[in-house]
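First up is the structure itself, then whatever we jot down about it.
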Amino acid sequence: MAEGLTRQQLYDRIRASSKEEFILEEMTRLGFWARNTTQPSLPETLIRKEGELRRELNELLAEKQKYRNKEKLLADMRKERMAKAKLKRAETKKRNEEKKKARAAAWTEKKHLDIIYLGEEVSAGLNKIAPDETQLAKFGLPVFKDATALAAAMGITLGKLRFLAFNRKVAHTSHYQRFQIPKKSGGTRVISAPMPQLKAAQHWILENILYKIKNSDAAHGFVPGKSIVTNAAPHVGQDIVINIDLRDFFPSVPYKRVKGLFCKLGYAEQVATILGLICTEPEVDEILLDNRKYYVAKTERHLPQGAPTSPALTNLICFKLDRRFEGLAAKYGYAYTRYADDMTFSAKGEAADKAGQLLWSVKQVVKEEGFTIHPDKLKVMRQGDKREVTGIVVNEKISLDRDTLRKFRALLHQISKTGLAGKRWGKSKNIISSMEGFANYVYMVKPEQGTKLKETLAALLQREDIKAEARSLWTTGSTAPAATDAPAPADTPSAPQHPEGIPIAKETPAATNTPDKPWWDVL
């Protein structure tokens, strides 16, 4: 037996070659067969050749045996392939799980550092964070590189900013409190008053962005240093005055148009998207299901009537419209001003005869700019008519409607005699606020008359019997069922009635003779 080999190893060596070849190797190793260093002897060559041929023959026989059973061969191949595939799937699954965990961790980290999703149909451009700093510098606007910088500038967390801007089709909470106020033309108008957190964010946008941009010269509503008085002044003493009102002014400005405005100012799409979402909202249906309230969006997002930012945004969006109207006014010899959605053209002499041509052109421009003229609020006032602009009479000089002033003085006289019971002024349930609002309105237009009315009203309200009656009305929550013959101040001026809470630029008292509060704010 060969030295160091087990019986099984010996058998394996003989089987791998041949018995003779194994004996030759062993005899040579043990010295019984002399080694020929130059060339092997013939017996040795034959033995080795026989071993090689035998090995080749064994391999061929084994290969032949393998191919005799094709089904087994295929089964073995399939089994081997499946084993490899199973192993590969396991490795792939493991890699995918590791990638998934890494992506989830990265997503969580990114959510803390950036805003990457704000709801359906509005999140496409949130990855674009490169602002046009040249354009922003042109308007003197602050630069925000991304949502994180915007949140820091606003003094809120990134999570709070995401919460205020998120676009939900169905939500459990609402950022707005909705109520209705009566319209001058009949019916009611839905006011969407923002809740405190959103309102604070909108005020920040108003003060730090919107108020920094110059409006057109024709815009007088919600513009610093201007008022309904400056809006009416260019139309005093004209032969013809044309008032045009736009239908559904704020709701006709969609979210995409607001976002586009912020993009044109130079903000990156991410920041423009967030600003546009904060300043818009859809109309919603309130649904109670399983004792839980749901707010379901029924329209696309648009400017809400009641948000502080809506008037300033419409002024900027209407900049092109104003420029086109200024061109038309110059072409036909007219003066033009706009107060919110109330547009006024006026002229005298031969230009007054071109009103038809002007109106045709105006309708085309309004349509092209995405608005609609309210057919019931288009007024053409000529010589002989009482010509009014935003509630101010402009026939010969700036003045107020005499009948309304007479009825207001009569109301003050009746209150001094018989108290507040059974009295009403306007459509508000709070007669005192309505009277104070009208007195401030008169003071803004005619300071001398307004001062006298405010003094008379203040004296009345200082009387103990009037104070007691007012406290009683506030405590019981009752309102006066019967009215005097005084009409509502909202029925008399044609100025648009704005909800409480909409801020405007601070007026300059010396220049515009404005009261401490805007008249629409108090009304």
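N430 meets all of the listed conditions (1) open to solvent by less than 20 Å² (accessible area, probe 1.4 Å); (2) touching a Phe, Trp or Tyr at 6+ places or on another chain (Cβ under 9 Å); (3) in the same structural domain as Y443 (by the TED database); (4) not aromatic (F, W, Y) but one, namely (1).
Which ones in the range 413-427 are among the aliphatic types (A, V, I, L, M) and either open to solvent by 10 Å² or more (accessible area, probe 1.4 Å) or in contact with a Cys (Cβ under 6 Å, 6 or more places away or on another chain) (or both)?
Within the range 413-427, A421 is the sole residue that qualifies.
Taking the range 225-298 and the strands (runs of 3 or more DSSP E) fully enclosed by it, the elements with 3 or more residues that are free of Cβ contacts under 8 Å to residues at least 24 places away in the same chain and either open to solvent by 20 Å² or more (accessible area, probe 1.4 Å) or outside the structural domain of G370 (by the TED database) (or both) are at 284-289. Of all residues in the range 133-143, those satisfying the criterion of being open to solvent by 80 Å² or more (accessible area, probe 1.4 Å) and not basic (K, R) are E133, T134. For the condition touching a residue at least 12 places away in the same chain (Cβ under 8 Å) and under 18 Å from T299 (Cα atoms), what is the one hit in H175, H203? Unique residue meeting the criteria: H175.
Of the listed requirements (1) of a type outside the set (D, E); (2) under 25 Å from F249 (Cβ atoms); (3) in the same structural domain as V442 (by the TED database), L405 misses just one: (2).
Of the residues A90, A75, A130, the single one that is open to solvent by less than 100 Å² (accessible area, probe 1.4 Å), outside the structural domain of A171 (by the TED database) and at pLDDT 90 or above is A90. Output the residues belonging to the range 152-189 that are in contact with a strand residue (DSSP E or B) (Cβ under 6 Å, 6 or more places away or on another chain) and either over 30 Å from H374 (Cβ atoms) or open to solvent by 80 Å² or more (accessible area, probe 1.4 Å) (or both). Those that are in contact with a strand residue (DSSP E or B) (Cβ under 6 Å, 6 or more places away or on another chain) and either over 30 Å from H374 (Cβ atoms) or open to solvent by 80 Å² or more (accessible area, probe 1.4 Å) (or both): K169, V170, A171, Q177, F179, Q180. Given the options K293, K298, name the one that is among the charged types (D, E, K, R), farther than 20 Å from L275 by Cβ, within 19 Å of the chain's Cα centre (by Cα) and at pLDDT below 95. K298 is the lone residue from the list that is among the charged types (D, E, K, R), farther than 20 Å from L275 by Cβ, within 19 Å of the chain's Cα centre (by Cα) and at pLDDT below 95. The single condition among (1) within 19 Å of K259 (Cβ to Cβ); (2) modelled with pLDDT under 95 that L136 does not meet is (2).
Entry remark, the range 367-384: residues being under 25 Å from E350 (Cβ atoms) and touching a residue at least 24 places away in the same chain (Cβ under 8 Å) number 6 in total. Residue count for the range 259-296, restricted to those that are over 30 Å from Y211 (Cα atoms) and of a type in the set (A, V, I, L, M, F, W, C): 4.
Count of the range 343-366 residues, restricted to those that are within 33 Å of the chain's Cα centre (by Cα) and at pLDDT below 95, is 0. Give the residue that is modelled with the lowest pLDDT, with candidates limited to residues of the range 53-71 that are farther than 20 Å from Y11 by Cβ and surrounded by 11 or more Cβ atoms within 10 Å (Cβ to Cβ). My answer is K66. Counting just the residues of the range 374-394 that are surrounded by fewer than 17 Cβ atoms within 10 Å (Cβ to Cβ) and of a type in the set (A, V, I, L, M, F, W, C), which one comes out farthest from D239 (Cα to Cα)? Among them, the one singled out is L378. Looking at G356, G333, G306, just one residue is loosely packed, with under 14 Cβ neighbours inside 10 Å and either of a type outside the set (S, T, N, Q) or at negative phi (or both), and that residue is G356.
The values are calculated or read from the model by the stated rules, or taken from the named source; none is laboratory data. Since this is a predicted model, take the numbers as computed values, not measurements. Don't worry about glycine lacking a Cβ; one is built from the backbone with ideal geometry, like all the others, and counts go over all protein chains shown. The accessibility values were calculated without ligands, DNA or RNA, using every heavy atom of the protein model including side chains. Shrake-Rupley method; radii C 1.70, N 1.55, O 1.52, S 1.80 Å.
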